[in-house]
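Here is the structure we will look at.
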Amino acid sequence: MGLEISTILANASIAASATAAGVSYYGQRQAAEAQENAAKANAKDLEQTAKAREAEMHENIARQHREARRRLAATRVKMAGTGTQLNDGSNQDVLGVVTSRLETAIADDARRQQMEIRAMNRQASLERWQGSQAVSAGRLAAAGTVLGGIGSTAGSAYDFHKQGL
C-alpha cells in the first residue's frame, strides 16, 4: 500500500511541475502581450497629440501672421499720423526691421513647435519598438520556462524511476 501512495505522489509531483511550467509560460506570454498593447496605445496617444499640436501650430502661425499684419498696419498709421512720409528710405527701413522681427518671431515659434511634434512622433516610434521588444523578451522567457519545466519534470520522473516508483 505504501508503494501506491509513493507512486501517486510521484505522479502528482511530475504533473504539478508540468502544470507550473505551463501556467508560468502562459503568464509570461500574457504579460508580454499586455506590454505590447500598452506600448501601442501609448504610441497612438502620442501620435494623436502630435497631430493635434500640428493643427494648433498651423492655427498659431496664421494667427501670428494676422497679428503681425495688424501691428505693421498700426505702425504705418502711427508714422502717417506724425506726418512722416512712408515712402522715405529711413521709414521704409523701420518698417522692414519691424516686419523682419515679426517674421523671425513667427518662424522661431513654428520651428520650436515642429521640434516638439517630431519629438512626440519619435517617442511614438520608440514606444512601438519597446512593445515589440517586450514581446520578444516575453517569448524567450516563456520558452525558457517551458524548457526548465520539461527538465524539472524529466528529472523528477527519472528520480522516481530510479527509486522504483
inquiry  = If I fit a long axis through the Cα atoms of helix 2-81 and take the longest principal axis of the Cα atoms of the chain, what angle between them do I get, 0 to 90°, rounded to 10?
reply    = 0
query = Only one of the listed values, [x] 57, 34, 26; [y] 121, 19, 14; [z] 44, 35, 29, was derived from the coordinates as Cα extents along the principal axes in Å; which label is it?
reply = [y]
message = Straight-line reach from K78: which aspartates and glutamates fall under 17 Å, measuring Cα to Cα and dropping same-chain residues less than 8 apart?
response = E67, D88, D93
note = Around Q130 (Cβ within 13 Å, Cβ-to-Cβ, excluding Q130; K/R +1, D/E -1) the net charge comes to +1
query = Expressed as cubic angstrom per residue, what is the convex hull volume of the alpha carbon set of segment 61-146?
reply = 79
task = Count the net charge of all other residues whose Cβ sits under 9 Å from the Cβ of A43, scoring Lys and Arg as +1 and Asp and Glu as -1.
result = 0
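All of the numbers you see were taken from the coordinates with simple rules; none came from a lab. Because the structure is a prediction, the values reported are computed rather than measured. Ideal geometry is used to build each Cβ from the backbone, glycine not excepted, and the neighbour counts take in all protein chains shown.
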